[in-house]
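The values are calculated or read from the model by the stated rules, or taken from the named source; none is laboratory data. Just so it is clear, the model here is predicted, and its values are computed rather than measured. Glycine gets a Cβ as well: all are built from the backbone with ideal geometry, and neighbour counts include every protein chain shown.
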Amino acid sequence: MTTVGSRYQQLVRPDRVHGSIYTDPAIFAEEMERIFYSTWVFVGHESEVPEPNDYVVKSIGPQSVIMTRAKDGSIHLLQNRCAHRGNLVCEAPKGNTLAFRCQYHGWTYANNGDLLGFPYKQGYEGVLDKASIKLGRVARVESYQGFVFGSFAADGPSLKDHLGAATECFDRLVRISPAGEVALTAGWLKHRVKANWKMLLENETDGYHPQFVHSSIFSVATSGIGNLYSENSTALCRDLGNGHTENDLRPEFRRIAEPMGWFGTTAEKVPNYVAAMRDSYGKAAEEIMIDGSPHVMIFPNLFIAEIQLFQIQPLAVDQTVQHVTCMQFKDAADLNRRVLQQTIGSVGPAGFLLADDSEMYERNQRGVAARTPEWVLIARGLKREHVDPEGFTVSNNTDETTLRAIWRHYMTLMDR
Amino acid sequence: MSIDLPEAEAFLYREARLADTHDYDSWEELWTDDAIYWVPAGGDSATDPANNVSVLFDNRSRIGTRVRQLKSGKRHSQNPKSSVCRLISNVELLGDHEGDTVIGATALVVESRDDRTTMWAGRYEYRLRRVDSDVRMSYKKVTLVDREHPLNTLSILL
């Protein structure tokens, strides 16, 4: 390895990445500071706290955060740490409460983080300015199409600027609902893997692996997925900017031109849904039902895979939890039943697909621990990717354009 | 004719041995045609599977798919296979469900794979039915003690 350039420039090259970037605990610690605690990170969805005073415990990387909906409807991300001695103020995974009370000394906070009071207040007279004491908060909270993101940084680009071109993917996702809304109300599968979080991030958007990793299920069950990720597929991978990447499957779905083909079914199987879509969207309904839902990886931790949603939670350099749920599209009961069953079959710890993806992350983590040949290659398609009419770099769906897009953005955050 | 405790225990031990030894075909034959094999996740999953994700919720057709995937030789998460051994205990007759005998039990399944040993502990609920002269299971629900927490990959038969 040469020593030209900064430390990160030595590790991340246009066509290769050094194996140590997945195994070095010092790099992991810097990633938490510069990525997870400095930029926009997906936390949850507004539908997880539908009523005033609802709360649910979520995370930003290894940090636990409480997502609350205050009395006035506003969403807050609070840290589970009493400002007094650092004990926990919330023990339940979710609930409805006006106030969080620390059980250690009885300090009580409103669900927007403000201190309401503490017992035996005479002892603090002249000692504490009560108005200045609050629960720790994630500095900025913003939503797009109901998806809640948090940033520990008080200043910086808005969520909309961060999402950039990827906002259109959220718009496409909610259009799958006749009411234009999705909810995350079906609970979560939590899948622990012994691998660096970036192994998951890369795999979500790697169109090269499905034919090999998932050949077992393709060989025993009918699935159109394999063909979408073959060398001859007309699907594309796309660099959306800011580290966001997409596997755009629409060219294949448009070629097949079968409404609901994207979901592996036909219009006849979900008649109520199809009728509701035609009622809501008129002529545009056919196009929506052919194009389907997006397959997009929002840097650094949100993966939308058509009907499923994954939140990547890094815990340590070689420990990651993947939280998975399925989309529930508003006013689409017959579709949602199938979405739920397909999700249970495919993903999570026992999924026909994800159990094998996880096996690959874990093998990869062990593989990169070997001393040579040091590098991981991300060069596939470097000479055939091209810029499309909208200005995005696109390539064959099996190319590593998406991985290069992720690493380029990674460098803007880490190499500064 | 209902199924008594010794007969139920014998069935559970046999099922445990077939799952431990990856005898997939023999294991699949234990199921009835209307079978449900269910491992709930956390939250409301164990009480409302129609509206919540489960770790696993296989009808008979999907049990078949699961077995065929395991037998394909390319189920990477079981290639190589885990070494598995389980204890099944606290077996009780709990009553009747539409003619099937309801059995409760607890189990501890120890799985060794690569450099990791996973303990899957849970409460098991079976519904057993006599089909011709054989005992078969129409329902098996595995409520894991760890179900609220992140789980390792579950590619063995629980």
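Has region A:50-71 got at least one residue that is buried (at least 22 other Cβ atoms within 10 Å of the Cβ) and among the charged types (D, E, K, R)? For region A:50-71, residues buried (at least 22 other Cβ atoms within 10 Å of the Cβ) and among the charged types (D, E, K, R): present. Note on region A:150-204: enclosed helices (runs of 4 or more DSSP H) holding 1 or more residues that are away from chain B (no Cβ under 14 Å) and at pLDDT below 95 are A:197-204.
Is it the case that some residue within region B:36-44 is assigned to a strand (DSSP E or B), of a type in the set (Gly, Ala, Ser) and over 22 Å from B:Glu111 (Cβ atoms)? So that I can check it myself, show each step before the final result.
Applying the first criterion (assigned to a strand (DSSP E or B)) to region B:36-44 yields B:36-40.
With of a type in the set (Gly, Ala, Ser) added as a condition, the list becomes none.
Within region B:36-44, none of the residues are assigned to a strand (DSSP E or B), of a type in the set (Gly, Ala, Ser) and over 22 Å from B:Glu111 (Cβ atoms).
Considering region A:347-369 alone, what residues qualify as being touching a strand residue (DSSP E or B) at 6+ places or on another chain (Cβ under 7 Å) and more than 9 Å from chain B (Cβ to nearest Cβ)? Write out each step before concluding.
Just the residues of region A:347-369 that are touching a strand residue (DSSP E or B) at 6+ places or on another chain (Cβ under 7 Å), to begin with: A:347-350, A:354, A:358, A:361-362, A:368.
Listed by number, the residues that qualify are A:Tyr361, A:Val368.
Residues in region A:359-390 that are touching a helix residue (DSSP H, G or I) at 6+ places or on another chain (Cβ under 7 Å) and under 15 Å from A:Trp197 (Cα atoms): A:Glu359, A:Met360, A:Tyr361, A:Asn364, A:Gln365, A:Val368. Just to be sure, is A:Val321 touching a Leu at 6+ places or on another chain (Cβ under 7 Å), surrounded by fewer than 23 Cβ atoms within 10 Å (Cβ to Cβ), within 9 Å of chain B (Cβ to nearest Cβ) and in contact (Cβ under 8 Å) with a residue 24 or more places away in the chain? The answer is yes for A:Val321.
Candidates in region B:73-91 are the residues that are more than 25 Å from B:Asp115 (Cβ to Cβ) and in contact with a helix residue (DSSP H, G or I) (Cβ under 8 Å, 6 or more places away or on another chain); of these, the one that is nearest to the other protein chains (Cβ to nearest Cβ) is B:Ile88.
What is the number of the single condition among (1) at the interface with chain A (Cβ under 9 Å from one of its Cβ atoms); (2) among the acidic types (Asp, Glu); (3) under 20 Å from B:Arg129 (Cα atoms) that B:Glu7 does not meet? All conditions pass for B:Glu7, except number (1).
Quick check on this structure: which one of B:Val110, B:Val145 is closer than 25 Å to A:Asp318 by Cα, touching a strand residue (DSSP E or B) at 6+ places or on another chain (Cβ under 6 Å) and loosely packed, with under 15 Cβ neighbours inside 10 Å?
Numbers: B:Val110 fails: loosely packed, with under 15 Cβ neighbours inside 10 Å.
Within the list B:Val110, B:Val145, the selection yields B:Val145.
Only one of the numbered conditions (1) closer than 19 Å to B:Glu15 by Cβ; (2) exposed (fewer than 14 other Cβ atoms within 10 Å of the Cβ); (3) hydroxyl-bearing (Ser, Thr, Tyr); (4) under 16 Å from the mean Cα position of the chain (by Cα) is not met by B:Ser133, and that is (4). Highlighted here are the strands (runs of 3 or more DSSP E) found entirely within region B:74-155 that include at least 1 residues which are in contact (Cβ under 8 Å) with a residue 24 or more places away in the chain and touching a His at 6+ places or on another chain (Cβ under 7 Å): B:116-131.
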